[in-house]
1. Please tell me if GLY306 is outside the structural domain of LYS446 (by TED's automatic domain parsing), surrounded by 24 or more Cβ atoms within 10 Å (Cβ to Cβ) and under 18 Å from ASP154 (Cα atoms).
2. Within region 152-170, track down each residue that is more than 18 Å from HIS123 (Cα to Cα) and modelled with pLDDT of 90 or more.
3. Of these, THR350, THR331, which one is in a loop (DSSP other than H, G, I, E, B) and either at pLDDT 95 or above or in contact with a Phe, Trp or Tyr (Cβ under 9 Å, 6 or more places away or on another chain) (or both)?
4. Considering only residues that are surrounded by 15 or more Cβ atoms within 10 Å (Cβ to Cβ), more than 17 Å from GLN485 (Cβ to Cβ) and at pLDDT 75 or above, which ones fall in region 404-430?
5. For region 193-207, indicate whether the set of residues that are over 23 Å from ARG60 (Cα atoms) and in contact with a helix residue (DSSP H, G or I) (Cβ under 9 Å, 6 or more places away or on another chain) is non-empty.
6. Within region 428-441, is even one residue over 36 Å from the mean Cα position of the chain (by Cα) and over 13 Å from VAL497 (Cβ atoms)?
7. One residue is enough: does region 446-456 have a residue meeting the conditions over 11 Å from VAL410 (Cβ atoms), acidic (Asp, Glu) and in a loop (DSSP other than H, G, I, E, B)?
8. What is the residue count in region 277-319 for residues that are out of contact with any helix residue (DSSP H, G or I) (no Cβ under 8 Å at 6 or more places or on another chain) and either acidic (Asp, Glu) or part of a strand (DSSP E or B) (or both)?
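The values are calculated or read from the model by the stated rules, or taken from the named source; none is laboratory data. Treat the numbers as computed from the prediction; the structure is a model and nothing was measured. With ideal geometry, Cβ positions are generated from the backbone for all residues, glycine too; neighbour counts draw on all protein chains shown.
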Amino acid sequence: MTEVSMKFLRRTLIAGGAAMALFAGFAAPTLLSATAQEINPGAVSPPSGAPMSFANLIERVRPAVVSISVRQRPDAVQQPNIEGLPPGFEEFFRGRPGRPGPAPTSLGSGFFIAQDGTIVTNHHVVEGAEEITIRTSDGRDHPADLVGSDEATDIAVLRVRGGGRFPFVTFDDASHVRVGDWVVAVGNPFGLDGTATAGIVSAMGRTDAGSSAYVDYLQIDAPINRGNSGGPTFDLAGNVIGVNSAIFSPTGGNVGIGFAIPANTANGIVQQLLRGGRVTRGWIGVSIQPLDEDIARSLGLEEPRGALVASVTPDGPAARAGIQQGDVILTYNGDRIENSRDLTQRVGATAIGNNSRVEILRNGQRRTLNMRLGERPSEQTLASTNPAPNATPEPEQEQQGGVAQSSLGVSTRPLTAEDRTRLSLRANEAGLVITSVEPTSDAAEKGIRPGDVIMQAGGRQIRTAAELTAAVDAARRANRPLLLQVSNRAGRGFVAVDVSSGQ
């Protein structure tokens, strides 16, 4: 409804007489004759399988849903968006984003899963909390303590201080959920306690709806907004099938695209937090990237399946097992790896200390390696040791005298000491600095920029322009794109560049 029509509606409701005067210039409406039959359409039938009302369901589950108010530590930083979310995806629990003052606050939702006052909510609702208060449906406030929290899946568990007896709901494994099923969301949008909305499951298995590699999200169109974070999504039996976590919103408000953490994922995390207060995951110590069609072709693979190793943590499990940059992990414990996300989930689900078997592709040859898994460090530790993924590369001023590689569409020069410092390169690492990129080249299309450093080409370290030219020629003879390892201030990664043109 537009702003103009909203004003008109409000004026109609508040001042009915004045609203009628708006029609003075129109012809008088035709009155029904005394013999005319009144139209009575009767009850409108809902779609097949839909309830006439959600009232009984909501009345039953609403007492288990709570509002959460968090007073954060003075040093807690309020982020407007969940880190890593694409533009338009909103962290929507903040009651008053950017509120000034020494003690920032946040609002969210949660729900009891046990009568002793155990509550499930989102990690981002209680992150940095100094004091947590929950309000039950009867309007009473209770202090709560954090049992444990998992940033990677955005799940947290609280418990009412002093316990008690509270109404609760239960998780379903969500195996029966299908696209098109009715759902009901209950929460605390904008501080409006106990708000219920209804909709359907719009999609399942969304992997691009957030920054977590461990969650395949449930998409719903039941309207949810800021403050719904951590609240439950119910099926018509009153079971929790999801924990509301994020919305896609170009405007900041609800547009009918919400995302919930599926119940089976959430419940597994909750049980770990209840047992030990934290979540442990297997870790092999690599950063990986997905394969696209060009990268797969450059490696001689028929299809883009597997996970490409972009970097290896020194002395980590993968390094000790012999995995190197540029390897493609094809299978894990005998199971084919579809993509980098698949590998992350499989490794994370493996018990720490277990021996695992991986099949890799290196220089066109397949080999099998064994490794003993370690424990995945915290997200904060990983973030502090890895470059920011969205960092902006430092631009390189175009220099005269650089060596041009026409097939790649770039010009290069040797590394200097300043380059090594700028990119935190080790003394024994070689490479060529890109001084210019042809705007119409495939390299430019793939995101290569002046200031980037080519570390490898065709699986080999590059020290000179002649070595780069040889790698280009070899790729052209094989009728494949050339796989480059590129380093800049944003980190390291692989990109396959078309070298079919040029001489």
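1. Details: outside the structural domain of LYS446 (by TED's automatic domain parsing): yes; surrounded by 24 or more Cβ atoms within 10 Å (Cβ to Cβ): yes; under 18 Å from ASP154 (Cα atoms): no.
No: the conditions fail for GLY306.
2. Initially, region 152-170 is screened for residues more than 18 Å from HIS123 (Cα to Cα), giving 161-170.
ARG161, ARG165, PHE166, PRO167, PHE168, VAL169, THR170, listed by residue number.
3. Numbers: THR331 fails: in a loop (DSSP other than H, G, I, E, B).
That would be THR350, the only listed residue that is in a loop (DSSP other than H, G, I, E, B) and either at pLDDT 95 or above or in contact with a Phe, Trp or Tyr (Cβ under 9 Å, 6 or more places away or on another chain) (or both).
4. Of everything in region 404-430, those that are surrounded by 15 or more Cβ atoms within 10 Å (Cβ to Cβ), more than 17 Å from GLN485 (Cβ to Cβ) and at pLDDT 75 or above turn out to be SER407, GLY409, SER411, ARG413, ARG422.
5. Going through region 193-207, the residues over 23 Å from ARG60 (Cα atoms) turn out to be 202-207.
With in contact with a helix residue (DSSP H, G or I) (Cβ under 9 Å, 6 or more places away or on another chain) added as a condition, the list becomes 207.
So far as region 193-207 goes, yes, one or more of its residues are over 23 Å from ARG60 (Cα atoms) and in contact with a helix residue (DSSP H, G or I) (Cβ under 9 Å, 6 or more places away or on another chain).
6. Let us first name the residues in region 428-441 that are over 36 Å from the mean Cα position of the chain (by Cα), namely 428.
Checking the rest, the ones that are also over 13 Å from VAL497 (Cβ atoms) come to 428.
The answer is yes, given that some residue of region 428-441 is over 36 Å from the mean Cα position of the chain (by Cα) and over 13 Å from VAL497 (Cβ atoms).
7. No, there is no match, as no residue in region 446-456 is over 11 Å from VAL410 (Cβ atoms), acidic (Asp, Glu) and in a loop (DSSP other than H, G, I, E, B).
8. Residues in region 277-319 being out of contact with any helix residue (DSSP H, G or I) (no Cβ under 8 Å at 6 or more places or on another chain) and either acidic (Asp, Glu) or part of a strand (DSSP E or B) (or both): 7 in total.
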